[in-house]
Amino acid sequence: MKEQLMEVLEEIRPDVDFENEKQLITDGVLDSFDIVSLVTALNDQFDIEIEVGSLVPDNFNSIEGMMALIEKLQDED
Amino acid sequence: MEISVLRLLEKTADKFGGKTAYADSENSLTFAEVEEKAKRLGSALSEMIPPRSPVAIMTGRNVLTPVVFLGVVYAGCFYAPMDCTQPTARLKDILSVLQPKILLADSEGMKTAKELGFEGEILLTDDLFAHDIDRCALDARARSACADDPLYTIFTSGSTGKPKGVITSMMSLMCYISAYIEVMGIDENDRLGNQSPLDYIAAVRDIYIPIFTGASMFIIPKQCFMMPAELFRVMNEQKITAVGWSVSVFTIAVKLKAFAESKPEYLKKVCFSGSVMPCSALKAWQEALPDTKFVNQYGPTECTASCTYHEVEGIVDEGDTLPIGKPYRNYRVFLLDDNDKEVPVGEQGEICVAGPILALGYYNNKELTDKSFIQNPLNKAFGELIYKTGDYGVLREDGVMLFKGRKDRQIKHLGHRVELSEIESAAMRLDSIKDSCAMYQKEKELIWLFYTGTASVKEAAVHFRGILPGFMVPRKLIQLEELPHLPNGKVNMQALKDMMK
């Protein structure tokens with residue numbers, strides 16, 4: 001899953017070091033436009049539905065946070 | 001009409017002294033505090049530079065930034081805000097145009113400020129706030145001030161690759177804010193929610209409306225605009241009643257299904273501007289907030305942020321096109337054809353603007369100023385400058401104007417104005433890019449760059465992040481063996497358009 005996620009992220013922001021950035025939202029690395037692209041791509045790629053309530057910094061600050069969110073949503077199905 | 005924003009501030013501080021003028025998540029300042037601090041900073045500055053000097057500002061997204069601006073105005077000078085999160089190359093470009101003697105930075109902006117190789121003096125805002133108020137000095141500056149003195153210079157994308165600084169006078173600002181307040185019906189009971197970066201043109205409303213009305217303004221944290229549930233929570237906590245936001249905020253909120261769980265309960269007055277509002281997004285907002293007034297605003301920085309407004313009547317249909325409406329008070333807006341003749345009702349022409357709201361031009365760029373601000377070709381009787389916006393419009397029978405797109409390669413992207421040729425100039429600064437063409441895919445709000453050369457997509461993306469503000473960085477980078485050309489040698493943009501599908 002991590003590889004697939006990295007591919008999505010690389011496509012959206014090829015300039016960001018996602019392995020090491022742990023404050024993607026809080027430090028303003030990603031902007032709102034990135035988030036819209038990211039949510040759409042994650043929903044498609046992982047067959048999930050990210051709801052507005054899941055849009056909190058913790059879920060998107062790092063790849064770990066995003067993986068946890070994806071896993072949680074996949075389990076709910 | 002009071003023509004000094006400082007006298008207005010003092011009047012408002014007399015009336016609403018203990019009331020909050022500006023607040024952010026951590027601090028708040030009353031009107032009396034704003035006046036006092038601004039006077040301190042102005043007193044300090046007036047010892048250092050003559051009136052009407054530019055002062056570069058690098059301060060953060062917090063309550064003190066508007067006070068720094070007002071302090072500069074107390075010194076009879078004008079401010080040029082610079083976003084310290086922008087790449088240093090761009091900040092250096094701005095300084096090279098502005099050539100200020102003084103750059104004011106707060107502790108947040110200081111590190112970046114020192115990296116710019118700036119030859120003038122860099123001062124810490126906190127030090128200036130500690131200066132005593134010098135009434136004589138401030139009175140002298142007030143007496144020598146004129147209504148058409150520059151108030152601020154805001155930098156915007158320039159087609160030659162260098163940003164250009166639009167100079168706005170105090171008089172223009174006074175005209176715009178009073179017209180806007182009248183249209184929106186804002187008074188001292190309102191609480192404004194600021195979205196615009198404070199260095200950006202749209203922030204002038206959030207900064208000056210409190211001074212005009214006694215309303216309070218709250219600076220909403222930037223990350224809220226990525227997280228709609230958080231945004232609405234903050235707005236409800238702060239009881240935000242009125243906003244003037246970029247269209248992209250509204251569309252992003254809808255894309256992220258913002259209304260699924262909550263809504264901004266207190267929001268009653270909404271103005272949106274910056275680009276064309278898709279009616280599908282507006283409809284979602286109207287249905288969530290049926291008792292809220294929605295106003296579409298149109299206009300460039302060169303005309304003090306605006307020209308026309310249109311109050312939306314009833315809930316829109318998805319296929320509707322919103323008019324840009326009628327001119328604000330003190331704005332003269334009309335259409336000219338390619339031969340500088342007036343365009344009849346119902347036909348398309350270039351939107352032209354005149355009136356006391358016209359910018360004073362582009363700072364330190366007489367050539368571009370003379371080219372852009374010209375004598376009204378319809379007026380042979382007296383001197384009257386107009387600004388040709390480069391936008392096309394059509395005037396309806398009922399005096400309402402419709403927007404019909406752009407004349408050149410300037411685009412509106414996420415609320416910002418972007419010259420596609422500036423992106424190409426930036427591309428050419430990377431040796432491993434040989435040729436390039438920037439394109440805009442409006443439906444998806446994506447900037448594409450087609451380029452030739454050996455640079456990898458990653459290298460190119462990193463390069464752009466290093467010299468352009470984030471919103472200008474192309475989201476789709478396509479490396480080609482060669483750009484498609486037309487027989488006349490020009491780039492075949494239609495072929496590139498097909499590649500974007």
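Quick look at the values:
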item: Protection proxy ranking of B:158-170, B:56-68 - average other beta-carbon atoms within 10 Å, highest first; result: B:56-68, B:158-170
item: Out-of-range pairs (alpha-carbon distance over 27 Å; input B:366/B:388; B:371/B:476; B:434/B:458; B:92/B:366; B:11/B:164); result: B:371/B:476; B:11/B:164
item: From phi via Karplus (6.51, -1.76, 1.60), per-residue ³J(HN,Hα) for the stretch B:247-253 in Hz, x at Gly/Pro; result: 3, 4, 4, 5, 6, 4, 4
item: Gyration tensor over alpha-carbon atoms, the stretch B:46-120, equivalent ellipsoid semi-axes in Å; result: 19, 15, 10
item: Net charge contributed by nearby residues that have their C-beta within less than 14 Å of residue B:79 (K/R +1, D/E -1); result: -2
item: Derived scalar couplings ³J(HN,Hα) [the stretch B:79-90; Karplus, 6.51 cos²θ - 1.76 cosθ + 1.60; whole Hz; x for Gly, Pro]; result: 9, 10, x, 10, 6, 6, 8, 6, x, 4, 4, 6
item: Percentage relative contact order, the stretch B:1-104, counting C-alpha pairs under 8 Å, at least six apart; result: 26
item: Given charges at beta-carbon only (K, R positive; D, E negative), |dipole| of the stretch B:410-499 in Debye; result: 320
item: Long-range tail of P(r) for the stretch B:220-377 (Cα pairs > 20 Å, %); result: 58
item: Whole-Hz ³J(HN,Hα) from phi, Karplus 6.51 cos²θ - 1.76 cosθ + 1.60, for the stretch B:395-405, glycine and proline x; result: 9, 7, 3, 7, x, 8, 9, 10, 8, 10, x
item: The stretch B:410-499: radius of gyration and largest Cα-Cα distance (Dmax), Å; result: 12.4, 36
item: More than 19 angstrom apart: percent of Cα pairs within the stretch B:8-90; result: 43
item: Residue B:325 long-range amide H proximity, modeled H, under 5 Å; result: B:401
item: Percentage relative contact order, chain B, counting C-alpha pairs under 8 Å, at least six apart; result: 12
item: Rounded Å value of the spacing that divides the Cα centres of the stretch B:276-308 and the stretch B:218-274; result: 14
item: Calculated on alpha-carbon atoms, Rg and Dmax of the stretch B:311-450 in Å; result: 18.1, 55
item: Kirkwood Rh, angstrom, chain B [1 / mean 1/r, Cα pairs]; result: 23.7
item: Cα centroid separation, the stretch A:1-48 to the stretch B:438-501 (Å); result: 21
item: Dipole-positive endmost among B:289, B:248, B:343 within the stretch B:244-352 (Cβ charges, Cα centre); result: B:289
item: Estimated inter-spin distance, residue A:47 and residue B:471, nm [label 7 Å along Cα→Cβ]; result: 3.9
item: Along principal axes, Cα extents of the protein assembly as shown, largest first, whole Å; result: 68, 55, 54
item: Positive minus negative residues near residue B:363 (Lys, Arg vs Asp, Glu; Cβ under 13 Å); result: +1
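Read the figures in this text as sums done on the coordinates, not as results from a lab. From a predicted model like this one, the values you see are computed outputs, not experimental measurements. Ideal geometry is used to build each Cβ from the backbone, glycine not excepted, and the neighbour counts take in all protein chains shown.
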